[in-house]
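This report refers to the structure that appears directly beneath it.
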Amino acid sequence: MKKLIILSLLINLCVVAMAQEHRLWYDRPAQTWTQALPIGNGTMGGMVYGTPAVERIQLNEETIWAGQPNQVMNPEAKEYLPKVRQLIFEGRYKEAEQLANEKVMPFGAGQNMGMPYQPFGDLYIAMPGHADYSNYERLLDIDNALSIVRYEVDGVKYERETIAPLGSKVVAIHLTASEPGRISFTASFTSPHSDVLTGSDPTPNPSPTGVGSGYAYLHGVSGKHENLKGKVRFMGLMAVQAVVGHASQRADAEAAATLGNVAHYISTADGQLSVIGADEATVYVTVGTNVVNYKDITGDEKAQAMQRLQEAMTLGYERLKVRHEQFYHQLYDRVKLDLGSDLYPRVPTSQRIAQFARTEMQRSEALPTTDNHLVETYFQFGRYLLICSSQPDNINPANLQGIWNEKMLPSWDSKYTTNINLEMNYWPSEVCNLTEMNGPLFRLIREVSETGRQTARDMYGADGWVLHHNTDQWRVTGPIDRAATGLWPMGAAWLCRHLWEHWLYTGNRDFLRQYYPIMLDAARFYSQILVEDPKHCLPTTGKPYLVVCPGESPEHGGKGRPSPLDAGVTMDNQLVAELFHNVLEARKAIDTIATIETIEIIKTQLTRLPPMQIGRWGQLQEWLDDLDDPKDDHRHFSHLYGLFPSNQISPFRTPELWRAARTSLEARGDVSTGWSMGWKVCCWARLLDGEHAYKLIQDQLTLTADTFLIFGTQKQRGGTYPNMFDAHPPFQIDGNFGCTAGIAEMLLQSHDGFIYLLPALPLAWKDGSVRGLRARGGFEVDMYWKDGRLTRAVVRSEIGGPCRIRTATPLKGKGLKAEKESNFNHTYLYNIQTRAGYTYELISR
């Protein structure tokens, strides 16, 4: 009986362990890029297809971009901007746009519109005789950052592990078999770039165990784009370590190599590596480039690649994997979300996505119950993607596709679109306890603040710095594309919000001192370009409003207007007001008396910025004039920036604006592009409507067909691809990050002067827990709930100070003091004075 009980307990433990795994699982190889599985370490990215006979891993390196260091500027812009502004104020919007295209936008002067992020190429591993396979599976182990392919051929079990190890700048593929001597393959590179060179060097590389090969290489240069010659040189290197001979002979492998028998197992020629009859083998791949930084391309791509390759091979696969998992778990394990057991671990992820949004009547017999674990996996997948695409020492932050791109001309060049997309990439970074991943973003902000000074001076005649709606590796700051989308000078203001948020979450005063001058210079620019609006005045004094002109509500124009160009649009006003306010608060926090002249100017200008307005049908106006169309379902709803990610709209402080924001969001509808739905999850969470936020998650987790180009019979829609990548369509990674942040926002909010526990919990998440979410003020929070009601919370204080807590559940705990009960949403507000390094447990009453 005791043995049976112990066996039962072990089985239960195994079931629980399996239930908490987070993985993408499939029973067939990938057919398309959006079925392949992503791996990455910030520098190298790979997409693993998992085909037994010929494995394909599409490869990227973060600095392979078309073009070369450059800036874009129309030399006539400064002269013609006042004329464009005047046309806007006269209501001649189309003429203003036409003039701007000709005389202000760089393309009007024959200049480029930014450079595309480009792939390195592909690694192919051909395994003869493996086309006839069985018992196939492939998976992405999100919990350990590992891709695995398993199958059988002629009774032999084969396995491939692929990692992009953190702490290294390589991709490693480890091949094993259930019988010795069964690993045989030929590996080679291909590339879509023109005129690449391939070759080999037979000199053996280091191998701590087994036999090391020489290396194969592919050498190339990035592409020319819009008449700007590509000058990013890159070299990809590939080498193999193999364990040869049967188990009893493995100790003699190094001796065999010394005796010259390596060629029996490994050969290197003509840009290819071949292995015959090994017991196991590891293929190491890396890419080096000549990019030192955005303005320096004097590096040695071969030396960099050789250093990266040899460092990894000196460690060997097992040590590399152990170190990788140590680095990864230090980041990934900080947050644990539990929404219930995994009920469908052997159902392919693509099928689970296809079934998720269906009603109970529509669901198949295979998936009859709500798949909460899929949401849990999607949340952790977003955190995984951020870790893989944005490491602290990277040259570049995550771009429009993170670090993964197979095309020479990807959609929107896979650049950094700063009218929401780049910023959305980093929405999960603080709240989801991955603050270090902001490092490359902060680096980009520093660098565009440098290049943006010249643009501010030469284009606007202003001090400070400016960034328009897009930039690239070369940190261009002039307007890109056409005036209807590109003449939006607000990128600097939005990026500065991320600097301020980092301070709010961490209380790192040294960081704030370092970046305060950048925030101040951005504010200085806006203080000098604000102009009086001749048509709109303050009702109290009659003084004209100060507005940004030309500006626009990103990529969107008002009903009846022939152009998006306008003056004083709501989002522009929100961004300037927020930046000015944050600069004033930052100055207090670091206790500086410098720059008093600029400070006094922005204090005065703050009082003359247009306020948010409620329009004729109860909506939050998107423009100064009441132009909103209640039938408009445009993907951008930029006037709700004040709701999220900003904190200017609150049910407690600005209830009328909060209700107007809800009216606007209802009118916009739900189904849209993938990233837009991710933003809507965040906004509905801020509207404290968990059911509507959850409905948007269902819309987001709707399977998007990814074979329409092949078959021509299926139309894409916004949602999720089979590999869980966000579908705009096409793929944009910001939707993944936006929805991840939205899930966190449903569970925890801290933007309104208190930590709100479970503010938007949907009925579908009846029971659960989350550990490790971060709150502003330097707090880390765990929560446990049952039947939709908070049962326990744990708050860890890193920097000390008062902690205010709001919840729908009455609480008790040591040092906890009730402030007041709110009739709104039936909530309770508490205060607890915390000490740095202490933990506080709160229990429901």
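Quick notes on this structure:
- Selection over the range 317-349 of residues that are in contact with a strand residue (DSSP E or B) (Cβ under 7 Å, 6 or more places away or on another chain) and either open to solvent by 60 Å² or more (accessible area, probe 1.4 Å) or under 28 Å from residue 120 (Cα atoms) (or both) gives a count of 6.
- Looking across 452, 464, one residue alone is assigned to a loop (DSSP other than H, G, I, E, B) and small (Gly, Ala, Ser). It is 464.
- Single residue of the range 564-603 satisfying the filter (hydroxyl-bearing (Ser, Thr, Tyr) and modelled with pLDDT under 95) that is least open to solvent (accessible area, probe 1.4 Å): 598
- When every residue of the range 359-374 is checked against the conditions, none turns out to be closer than 24 Å to residue 644 by Cβ, open to solvent by 10 Å² or more (accessible area, probe 1.4 Å) and either part of a loop (DSSP other than H, G, I, E, B) or hydroxyl-bearing (Ser, Thr, Tyr) (or both).
- Tabulated pairs, the range 375-387, first closer than 20 Å to residue 45 by Cα, second open to solvent by 10 Å² or more (accessible area, probe 1.4 Å) and hydrophobic (A, V, I, L, M, F, W, C), C-beta under 7 angstrom, 6+ apart or interchain: 387/331
- Those residues of the range 546-563 which are surrounded by 23 or more Cβ atoms within 10 Å (Cβ to Cβ) and of a type in the set (Asp, Glu), in sequence order: 552
- The selection criterion, being touching a strand residue (DSSP E or B) at 6+ places or on another chain (Cβ under 9 Å), open to solvent by 30 Å² or more (accessible area, probe 1.4 Å) and at pLDDT 80 or above, does not hold for residue 209.
- Top-ranked residue of the range 604-613 - restricted to ones that are out of contact with any strand residue (DSSP E or B) (no Cβ under 8 Å at 6 or more places or on another chain) and not in a loop (DSSP other than H, G, I, E, B), ranked as least open to solvent (accessible area, probe 1.4 Å): 606
- Cβ-Cβ contacts under 8 Å between residues 6 or more apart (or on different chains), taken from a first residue in the range 626-642 that is part of a loop (DSSP other than H, G, I, E, B) to a second residue that is open to solvent by 10 Å² or more (accessible area, probe 1.4 Å) and polar (S, T, N, Q), are listed as 626/613; 627/621; 628/621; 633/672; 635/672; 635/673.
- Count - residues of the range 61-86 that are under 19 Å from residue 114 (Cα atoms) and open to solvent by less than 10 Å² (accessible area, probe 1.4 Å): 9
- Every residue from the range 394-427 that is in a helix (DSSP H, G or I) and either over 9 Å from the mean Cα position of the chain (by Cα) or among the polar types (S, T, N, Q) (or both): 411, 412, 413, 414, 421, 425
- Counted residues, the range 787-832 - those being open to solvent by 20 Å² or more (accessible area, probe 1.4 Å), without any contact (Cβ under 8 Å) to a residue 40 or more places away in the chain, at negative phi and under 35 Å from the mean Cα position of the chain (by Cα): 3
- Within the range 76-112, considering residues that are modelled with pLDDT of 95 or more and in a loop (DSSP other than H, G, I, E, B), the one nearest to residue 403 (Cα to Cα): 105
- Screening the range 441-459 for residues that are over 14 Å from residue 521 (Cα atoms) and more than 24 Å from the chain's Cα centre (by Cα) and picking the one that is most open to solvent (accessible area, probe 1.4 Å) gives 458.
- Scanning the range 167-192 for residues that are in contact (Cβ under 8 Å) with a residue 24 or more places away in the chain, part of a loop (DSSP other than H, G, I, E, B), out of contact with any helix residue (DSSP H, G or I) (no Cβ under 8 Å at 6 or more places or on another chain) and surrounded by fewer than 19 Cβ atoms within 10 Å (Cβ to Cβ) turns up 181, 192.
- Flag if residue 526 is among the hydroxyl-bearing types (Ser, Thr, Tyr), open to solvent by less than 50 Å² (accessible area, probe 1.4 Å) and closer than 17 Å to residue 489 by Cα: yes
- Tally, over the range 270-301, of residues that are open to solvent by 40 Å² or more (accessible area, probe 1.4 Å) and at positive phi: 1
- Hits in the range 142-166 (condition: of a type in the set (Asp, Glu) and outside any strand (DSSP E or B)): 143, 154
- Filter pass, residue 298 being modelled with pLDDT of 95 or more and touching a Lys or Arg at 6+ places or on another chain (Cβ under 8 Å): no
- Output for the range 799-818, where each listed residue is farther than 18 Å from residue 751 by Cβ and charged (D, E, K, R): 812, 814, 817
- Answer from 131, 145, 164, 126 - the residue that is buried (at least 24 other Cβ atoms within 10 Å of the Cβ), aliphatic (A, V, I, L, M) and under 24 Å from residue 271 (Cβ atoms): 164
- Selection of the range 644-672 for residues being assigned to a loop (DSSP other than H, G, I, E, B), aromatic (Phe, Trp, Tyr) and open to solvent by 20 Å² or more (accessible area, probe 1.4 Å) yields only 652.
- Only one of the listed residues (623, 617, 675) is open to solvent by less than 30 Å² (accessible area, probe 1.4 Å) and either modelled with pLDDT of 95 or more or touching a Ser or Thr at 6+ places or on another chain (Cβ under 9 Å) (or both). That residue is 623.
- Beta carbons closer than 7 Å, at least 6 apart along the sequence or on distinct chains, pair a first residue in the range 522-547 that is under 28 Å from residue 497 (Cβ atoms) with a second that is among the acidic types (Asp, Glu) and in a loop (DSSP other than H, G, I, E, B) for 524/463; 525/463; 528/463.
- Here residue 641 meets the list (1) modelled with pLDDT of 95 or more; (2) within 28 Å of residue 736 (Cα to Cα); (3) surrounded by fewer than 24 Cβ atoms within 10 Å (Cβ to Cβ); (4) out of contact with any His (no Cβ under 6 Å at 6 or more places or on another chain) almost entirely, failing just condition (3).
- The set of residues in the range 497-511 being in contact with a Ser or Thr (Cβ under 9 Å, 6 or more places away or on another chain) and either hydroxyl-bearing (Ser, Thr, Tyr) or open to solvent by less than 10 Å² (accessible area, probe 1.4 Å) (or both) consists of 505, 506.
- Residue 55 meets all of the listed conditions (1) within 27 Å of residue 452 (Cα to Cα); (2) crowded, with 23+ Cβ neighbours inside 10 Å; (3) among the acidic types (Asp, Glu) but one, namely (1).
The values are calculated or read from the model by the stated rules, or taken from the named source; none is laboratory data. As the structure is a prediction and not an experimental result, all values here were calculated from the model. Neighbour counts are summed over all protein chains in view; Cβ atoms, including those assigned to glycine, are modelled from backbone coordinates with ideal geometry. Quick note on the areas: whole protein, heavy atoms, side chains included, nothing else; ligands and nucleic acids left out. Shrake-Rupley method; radii C 1.70, N 1.55, O 1.52, S 1.80 Å.
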